[in-house]
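Working notes, structure below.
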Amino acid sequence: MVNIEQELVNLIKVFLCVSDFDVIKNMMDYENDNSKIKIVGISTTVMEHLKGLEELDVDVFVLQYTLDKKKSNDLLEYVLLNKREWRVLPLFQELDSEVIHLLLQYGLQNFLVKPFSFPQLLAAIENEQLQQQTLAAATTVESMASEIMLSLGLPAHLDGFGYIQTSAVYVAKNMDVMHLHMKNVYQQAAKAHHSTAARVEKCIRTAIAFAYRNQPEKICINNCKPTNTQIISYISEKLKLFGNS
């Protein structure tokens, strides 16, 4: 039996801002025959006023850039500054220097240039949704790690805070705490922060010592100052429980 909640999560809500009738027809036909896509809006012009869009629940905004280049630029800027949960998939007539500059300016990695097939359009839409879900998941895990660390009294202003966060997330995703190799953990954190394993280890110890000195009741284990391994293990196990909940 299909899990209805999971099906709703996988549903991709698409807004079409295109004048290409074939694209609109193919998308509507696909929506009728497939539960993966839901069209939440269609416009054959680029909207100058975005108030109507703000109420919509959109995952991927398919934008035919040549409809109106100025308004398309305004829309891209609006989405990037105000609607980070949206993903924009621009469609271009050709890949010229102006388009390349636009892609670099807005950091757009996913786009289509005519001629493209309908399966290519679907694949690009699904890729945009996957990237957004991956980003949201990563942000959620890191945010949860930060909350746990703050609850332990770990100081966010010290470098060790970021090193602990990166280390705990890495362990939660890749390692069993029963077989924890801290040297490997320090190396991974150092790589992520462009630092060294020795500095990561030292800064984590400094952050733990700071927290124990200022709020020992929050961070102590068996009435003692915890080790780097104990803190990272504790946070990573909390993250695993969060991921399975």
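The values are calculated or read from the model by the stated rules, or taken from the named source; none is laboratory data. Predicted, not measured: the structure shown is a model, and the values here were computed from it. We place every Cβ from the backbone using ideal geometry, glycine too, and count neighbours over all the protein chains shown. The accessibility values were calculated without ligands, DNA or RNA, using every heavy atom of the protein model including side chains. Shrake-Rupley method; radii C 1.70, N 1.55, O 1.52, S 1.80 Å.
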>> Probe of 1.4 angstrom, ligands and nucleic acids ignored: what's the accessible area per residue over the stretch 76-130, in square angstrom?
In response: 56 Å²
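Determine the gain in length on full extension of the stretch residue 179-residue 94; use 0.36 nm per residue of separation and subtract their C-alpha separation, reporting nm with one decimal.
Full-extension gain reported as 25.3 nm.
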> Cα extents of the chain along the three principal axes, largest first, in whole Å?
Replying inline: 70, 49, 33
>> If I model a spin label as a point 7 Å beyond the Cα along the Cα-Cβ vector, how far apart are those points for residue 117 and residue 33 in nm?
In response: 1.4 nm
> Taking the Cα centre of the chain as the origin and placing charges on Cβ (Lys, Arg +1; Asp, Glu -1), which of 140, 156, 129 is farthest toward the positive end of the dipole?
Replying inline: 156
> If you place +1 on the Cβ of every Lys and Arg and -1 on the Cβ of every Asp and Glu, how big does the dipole about the Cα centre of the chain come out, in debye to the nearest 20?
Replying inline: 1380 debye
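Between residue 142 and residue 22, what FRET efficiency comes out of the Förster formula 1/(1 + (r/R0)^6) with R0 = 45 Å and r the beta carbon distance, rounded to 0.05? Kindly include the intermediate steps, with their values, before the conclusion.
On the way: r = 42 Å, r/R0 = 0.93.
According to the calculation, E is roughly 0.60.
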> Given the rule -39500 (n - 2.57) for each run of at least 4 DSSP H residues, summed and divided by the residues of the chain, what is its mean residue ellipticity at 222 nm, to the nearest 500 deg cm²/dmol?
Replying inline: -19500 deg cm²/dmol
>> About the Cα centre, and with charges only on the beta carbon of Lys, Arg (+1) and Asp, Glu (-1), how big is the dipole of the stretch 144-214? Nearest 20 debye, please.
In response: 200 debye
> In nm, to one decimal, how far is the residue 68 label point from the residue 55 one, both placed 7 Å along Cα→Cβ?
Replying inline: 2.1 nm
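For the chain, with all protein chains present and a 1.4 Å probe, just round the carbon and sulfur fraction of the accessible area to a whole percent. Before the final figure, lay out the partial values.
Details: 7490 of 14130 Å².
C and S fraction of accessible area: 53 percent.
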>> Could you tell me which residue out of 186, 216, 113 lies farthest along the dipole of the chain toward its positive end? Charges go on the beta carbon: Lys and Arg +1, Asp and Glu -1, centred on the Cα centre.
In response: 216
